[in-house]
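I have placed the structure first, in the form of structure tokens, so that the comments after it can refer back to it.
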Amino acid sequence: MATSTQSMPVPVTADWQQAGKRSRVARGFRWRRLLWSLLYPPEARAHRVVPTLTGSVLIGVSLGIGLAAYNTASNILFITLSLLLSCLILSGLLSWINVRRLSWRLQVMTPWRAGQAQLVTLDLRNRKRFVPTYSLWFEIGLKQAKQKTRLRLTRRLDVGETERLEWTVRPVERGLERVELAGLGSLFPFGFLRKTMGCEHACEVIVWPTPVEYHRRTEGGAWRMQPGERSRRVGQGGDLLALRKYAAGDSQRLVHWKASARLRRLMVRQFSAEAQDGFTLWVDLSAARWPRPEQFELAIRLAATLAEDLFREGRLVAVALAANPVIQVRSVGDIERFLDQLAVARLLPDSMSGGGAGLAATRFGTNLLTLAPDGIRGVSAYIDGTAAATA
Amino acid sequence: MALRRPQLDSQTLHQVRWLLGGLLSLLAAWTVFYMAVEATVLLAMTTLAVPLVMWRPVLAASVPGWVHRLVFPAVVALFALDFFQARELLPAMIRLGLMLLLYRSVTLRSRREDMQLILLSLFLVVVAGVLTVSMVFVVQILLFTGCALGLMLTITLTDPAEDRASTDGGTPAWVKVEWPRVLRELLAVANWRVLALAAVLFVGVLGLSALLFLMIPRFEWGMGFFLDQMLKGKSSRSGFSETVNFGDVVHIQEDRGLALSVDVSDPGRVPATPYWRMLVLDQYARGGFMMSPGLRAQFAKPTPKIIQHQGTGTRHENAPIWTFYLESGVSRYLPLVGAYGQITFASPQSLVVNDTPMIAALPVEPAKMTAYRIEGMLPESRIEDLDLARRLRDQPQADIALKPNGQTDAEKPSGHDGKGPPMYLNLSVSAAELAQLQAWVEEIGAPRSGEVAGYVQRACVWLERRHGYALSMSLLPADGDILVRWLGSPEPGHCELFAGSLVLLCRAAGVPARVVVGFKGGVWNAGSGSITVTNANAHAWVEVYDGERYWLRADPTPGAGGLSRPGLSAAMAAGGDGAPLQLESGWAARWNGLRVFWYRRIVSFDQASQVEMMRTAGHWAEAYGKRLMSALDRRLRAAGEWVMRPWSLDRVGWAGGAVVTVALLVWGIRRLNVIAWWRSVRGVDPVRREAGRWLRRLAARGVPAGEAVRDELLRLRYGRRSTWPPSADVFRAARQALKKWLRQRPR
């Protein structure tokens, strides 16, 4: 079984950026920097113009015609040469006009989950007053995943209009991902010159681990519940335990509308847990525990999957990662925080991993859910030392 | 919400691209018409096939695959065969270009093949321009530039992925084209701003090209290898070659095209009827005159490629400077009006000169316009020939006995090469015809000793009395010499018959004579300030030797006046004004004026012109700068004097008032934030601006308030964008409301 938490997608949006605008990071003036920038413009905002094959042919033809013109003093050839050079200059001018006052903005919808299709959108806005923008492409990519693509603007972007380009991406690994707009380019208007421009534009996204298929073991009785038992602990049971103030991430279904109206603030209901079957999930990140990286990755995926499943079942009390502070799970926000930590979790030296399972048992008490290698490929989850699930 | 302009879909872009490619092919192919290249079949095929396939691109898609595989070897084989047969590289290459252009135009093209089409077209247009140096080149290259840029723009706008998909396999969908629909879509997409910008940019390109043309540094390597030398000239329209048959000059006169344009630094020195000498023909054969081997032998060997050549004639120091623009296809002989001091070419030229009869020629007939400048030349009606005078002195007149075949002893070929002196007394008539000629000489009045001018004048009058002028001759074919038969008939004739007859009558009387061909007259083009000579001015006349020193010009054609007055050139040399030329008028004059401008300012633009232009610009800038500085200096001095004058209460008041006004102005601008207001006004949304315009218009016309359209206009003007109704509908409704009100309101 493997499911995932259906949290609300949250847009992560970068600011509008405009062609030719300098970076907001103020840097002191240096003559040396200025001279170097004349020779080799900074990558981030440089307008680079490189002749295409067509442009190279045109330059070659111009050189040939120029040579013939000087050889023969034929003004017909000088006229042709002048026209060819003018066309090159016109091409550069139109290319500059085309990207002038063009703004763009990256937008990604989080959360991302490794292995699942995600949408990256690029909004374009033409802020020019008279001239549309045509035929552009944007080099966009994921830095960690080393995925790149070219988003093309094939339609005319009229004055004042906005266009949205979309890229469906499938991140392969968990972690901190950076969606980067590396630059924009254009062959507009005549295809002689390839104009490229660097962009300092990026969004950072956390990619949660991919859910994994796992098997719950019932033979050891680790998952067994005590029927009829109630607890004063907050949970997902049917009995109303208390009222508390609304916190970000609480479900709207939990809002107690009468109390909210009376107290003039949003109040939510707290229910008692069904039974004393709440678990504390602790993930050991010590390198000694996980000598094989693929097993570690599987453990992270299993931890994420178990956390989400137990949270949905209302049986997750707290989560902790190595020596990190314990997160008491009360809302979706808490579980998302844990998934964020899992996304960037790395193996740690033993001294930083928060001790072994024994120490953890002392720290968290009973119903402790831990993970350990199972054979050379598998990973098992243990509840108080009893095997509970295998992936 | 404002209506969005429609977008051209990929199919329409492909169709526009196809159309532009076809137009480009036709334009490039038709330039071959202007070249002296035999490509009639290919041109006809291109002219028929390209428009057809352009109209129905589905035909191009139905070309079977094996044709594409066969085309390349077939074209190579045809080119090899063509070159093997014609032995001329450039014409073969032009035909090769035409074949490839035809193939590319009638088959579906990818991006790369579109670029090939553009390059082939550029090749043909440029070669045509170089070979013809015609003003039409400007039109051709401008059209080419427009079409090629449009084509490349559509290539850029077409999505490369779709482009590949359309050419990779099968028939693309866009080949099923409905041109009226495409036109409608183009009209719908057209936007006046974009069109205006395109027009401005195109004009900008032309301006920039002109600037670059003027500013590109010029220096000459003088290598001289060039395309026009790889191509034989057009078949001469003039017939001004070493052999001129009767009727050739009349044939030229039927062509109304331009033959030459002449710039003269002092137009007052040009007589009303200038004679542009090109060629001297001395040997008479039945049916025409030709240049004898003896006369040909007088030509010096072709000079190496030179820019300047010094003439051996009398150099007139105060003579005007003549710049000739000789059109292609006229002749390789250069028109001259007299002995010259120096001839200068625009580009290195080889020259063939015969200084005795004052003839200069290029080694081969040029395929393009030839420009040359002549200094030290005055229009002359006589040519000095001391060599003939010496020969006549050495061999007394009595010894130059006429033989029945008309050849004198002195003109017998001598020497190992069989070439004698020029045949100025050659007759080539039978004994009976010679007797007839001598009888006519007696009738005219044979020249007494040294009385050549009188005899020639009498002969001209005699000819004019017996024959009228006509462009055709209706003499029936028969045995015997044509000129003798014509002289014996009352038939009218053309200038060649008159000139030939006078030559025979002079030679029969023992007076050396020769036929000269060239142009007579011309008109003054006031627009360009140059003389225009057309092929209709082609003419033949006579030069007779006065027995002492000079060849005298005699024009026996009725109305021409016979023998020219020898004193005219002396008067012209002294600076006396000649009679003015006739003025050229009408559209032809404007076109010829433009052509002269093209030759003078564009084709002949060289390093010296560039230096002169820079110098003029420098002088202008210097003068303008001085004027500006002096004006500034004057103002400052006046202001200083005003300040230094004793101050009165009035002056203090004026000065204080000015300072306060300026301060108030600055404060007001800053306080009221005028600049920000101006920016906001300029930056307002066009829909809001248009709504405001309509509101003002309705208010000005007194349209009653309460109209629903006014509310919608107010919403467009001030309301949130999300609440806007469709703006086009609102403006339409406002227009209708205004019209309705104007119709209904009480007058």
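Could you identify the single residue in B:181, B:218 that is free of Cβ contacts under 8 Å to residues at least 12 places away in the same chain, over 24 Å from residue A:189 (Cβ atoms) and basic (Lys, Arg)?
Working: B:218 fails: free of Cβ contacts under 8 Å to residues at least 12 places away in the same chain.
Only one candidate qualifies: B:181.
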For the range A:151-196, give me each residue that is over 16 Å from residue A:107 (Cα atoms), part of a strand (DSSP E or B) and among the charged types (D, E, K, R). A:152, A:194, A:195
Out of B:23, B:8, B:78, B:98, sole residue that is touching a helix residue (DSSP H, G or I) at 6+ places or on another chain (Cβ under 7 Å), closer than 24 Å to residue B:178 by Cα and either part of a helix (DSSP H, G or I) or among the basic types (Lys, Arg) (or both): B:23
Looking at residue B:149 and the list (1) in a helix (DSSP H, G or I); (2) among the hydrophobic types (A, V, I, L, M, F, W, C); (3) crowded, with 16+ Cβ neighbours inside 10 Å; (4) more than 9 Å from chain A (Cβ to nearest Cβ), which single condition is not satisfied? (4)
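Please count how many residues of the range A:117-160 are among the charged types (D, E, K, R) and within 13 Å of chain B (Cβ to nearest Cβ). Outline the logic, then answer.
Residues of the range A:117-160 that are among the charged types (D, E, K, R), as a first pass: A:123, A:125, A:127-129, A:139, A:143, A:146, A:148, A:150, A:152, A:155-156, A:158.
Checking the rest, the ones that are also within 13 Å of chain B (Cβ to nearest Cβ) come to A:127-129, A:150, A:152, A:155-156, A:158.
Final tally of qualifying residues: 8.
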Restricting attention to the range B:463-516, and to residues there that are hydroxyl-bearing (Ser, Thr, Tyr) and in a loop (DSSP other than H, G, I, E, B), which single residue is surrounded by the most Cβ atoms within 10 Å (Cβ to Cβ)? B:489
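Quick grid of which residues meet (1) under 21 Å from residue B:600 (Cα atoms); (2) in a strand (DSSP E or B); (3) away from chain A (no Cβ under 14 Å):
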residue: B:319; (1), (2), (3): yes, no, yes
residue: B:324; (1), (2), (3): yes, yes, yes
residue: B:329; (1), (2), (3): yes, no, yes
residue: B:338; (1), (2), (3): no, no, yes
residue: B:347; (1), (2), (3): yes, yes, no
residue: B:372; (1), (2), (3): yes, yes, yes
residue: B:379; (1), (2), (3): no, no, yes
Matching residues in the range A:283-327 - criterion: being of a type in the set (Val, Ile, Thr), outside any helix (DSSP H, G or I) and under 11 Å from residue A:342 (Cα atoms): A:283, A:319
Would you confirm, using the coordinates I've provided, whether residue B:68 is within 14 Å of chain A (Cβ to nearest Cβ), within 16 Å of residue B:107 (Cβ to Cβ) and either surrounded by 18 or more Cβ atoms within 10 Å (Cβ to Cβ) or touching a residue at least 24 places away in the same chain (Cβ under 8 Å) (or both)? no
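Scan the range B:113-159 residue by residue and report those that are of a type in the set (S, T, N, Q) and free of Cβ contacts under 8 Å to residues at least 40 places away in the same chain.
Here is the first cut: in the range B:113-159, the residues of a type in the set (S, T, N, Q) are B:116, B:121, B:132, B:134, B:140, B:145, B:154, B:156, B:158.
If the condition is that a residue be of a type in the set (S, T, N, Q) and free of Cβ contacts under 8 Å to residues at least 40 places away in the same chain, then B:116, B:156 are the ones that fit.
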Among the residues of the range B:89-106, is there at least one that is closer than 19 Å to residue B:119 by Cβ, more than 32 Å from the chain's Cα centre (by Cα) and crowded, with 19+ Cβ neighbours inside 10 Å? yes
Complete set of residues in the range B:129-143 that are at pLDDT 90 or above and more than 9 Å from chain A (Cβ to nearest Cβ): B:139, B:140, B:143
Exactly one of A:180, A:163, A:213 is surrounded by 18 or more Cβ atoms within 10 Å (Cβ to Cβ), more than 10 Å from chain B (Cβ to nearest Cβ) and farther than 27 Å from residue B:5 by Cβ, and that residue is A:180
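For residue B:60, indicate whether it is free of Cβ contacts under 8 Å to residues at least 12 places away in the same chain and more than 14 Å from chain A (Cβ to nearest Cβ).
Values: free of Cβ contacts under 8 Å to residues at least 12 places away in the same chain: no; more than 14 Å from chain A (Cβ to nearest Cβ): yes.
No.
With the requirement that a residue be among the aromatic types (Phe, Trp, Tyr) and touching a residue at least 60 places away in the same chain (Cβ under 8 Å), what does the range B:442-483 give you?
Of everything in the range B:442-483, just one residue is among the aromatic types (Phe, Trp, Tyr) and touching a residue at least 60 places away in the same chain (Cβ under 8 Å), namely B:469.
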Name the residue that is surrounded by the fewest Cβ atoms within 10 Å (Cβ to Cβ), counting only residues in the range B:240-278 that are under 27 Å from residue B:470 (Cβ atoms) and basic (Lys, Arg). B:256
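I want to confirm something. Restricting to the range A:73-92 and keeping residues that are touching a strand residue (DSSP E or B) at 6+ places or on another chain (Cβ under 7 Å) and part of a helix (DSSP H, G or I), which single residue is farthest from the other protein chains (Cβ to nearest Cβ)? Spell out how you get there, then give the answer.
Of the range A:73-92, the ones touching a strand residue (DSSP E or B) at 6+ places or on another chain (Cβ under 7 Å) are A:73, A:91-92.
Narrowing the set further to residues that are part of a helix (DSSP H, G or I) leaves A:91-92.
Working: A:91: 9, A:92: 12 Å.
So, considering only residues that are touching a strand residue (DSSP E or B) at 6+ places or on another chain (Cβ under 7 Å) and part of a helix (DSSP H, G or I), the one farthest from the other protein chains (Cβ to nearest Cβ) is A:92.
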I'd like to verify a number: residues in the range B:37-62 that are surrounded by 13 or more Cβ atoms within 10 Å (Cβ to Cβ), at pLDDT below 90 and more than 18 Å from residue B:117 (Cα to Cα), how many? 3
Identify all residues within the range A:93-136 that are among the small types (Gly, Ala, Ser), buried (at least 17 other Cβ atoms within 10 Å of the Cβ) and outside any loop (DSSP other than H, G, I, E, B); write none if there are none. A:95
Filter result (under 24 Å from residue B:563 (Cβ atoms), β-branched (Val, Ile, Thr) and surrounded by fewer than 21 Cβ atoms within 10 Å (Cβ to Cβ)) within the range B:279-322: B:314
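Residues are listed down the side, and each one gets a yes or a no for (1) within 17 Å of residue A:313 (Cα to Cα); (2) in contact with a Phe, Trp or Tyr (Cβ under 9 Å, 6 or more places away or on another chain); (3) among the aromatic types (Phe, Trp, Tyr); (4) modelled with pLDDT of 75 or more:
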{"site": "A:221", "(1), (2), (3), (4)": "no, no, no, no"}
{"site": "A:229", "(1), (2), (3), (4)": "yes, no, no, no"}
{"site": "A:235", "(1), (2), (3), (4)": "yes, yes, no, no"}
{"site": "A:252", "(1), (2), (3), (4)": "no, no, no, yes"}
I'd like the full set of residues that are buried (at least 21 other Cβ atoms within 10 Å of the Cβ) and either within 20 Å of residue A:217 (Cβ to Cβ) or acidic (Asp, Glu) (or both), limited to the range A:312-328. A:315, A:316
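Within the group B:627, B:688, B:595, B:615, which residue is assigned to a helix (DSSP H, G or I), within 14 Å of another protein chain (Cβ to nearest Cβ) and either among the charged types (D, E, K, R) or farther than 24 Å from residue B:210 by Cβ (or both)? Don't jump to the end; show me each part of the working.
Working: B:627 fails: within 14 Å of another protein chain (Cβ to nearest Cβ); B:595 fails: within 14 Å of another protein chain (Cβ to nearest Cβ); B:615 fails: within 14 Å of another protein chain (Cβ to nearest Cβ).
Sole residue among the options that is assigned to a helix (DSSP H, G or I), within 14 Å of another protein chain (Cβ to nearest Cβ) and either among the charged types (D, E, K, R) or farther than 24 Å from residue B:210 by Cβ (or both): B:688.
For residue A:121, state whether it is touching a residue at least 12 places away in the same chain (Cβ under 8 Å) and in contact with a Leu (Cβ under 9 Å, 6 or more places away or on another chain). Steps first, please.
Values: touching a residue at least 12 places away in the same chain (Cβ under 8 Å): yes; in contact with a Leu (Cβ under 9 Å, 6 or more places away or on another chain): yes.
So residue A:121 fits the description; yes.
The values are calculated or read from the model by the stated rules, or taken from the named source; none is laboratory data. Everything numeric in this text was worked out from a predicted model, so none of it was measured. Heads up, the Cβs are rebuilt from the backbone with ideal geometry, glycines too, and the neighbour counts pull from every protein chain shown.
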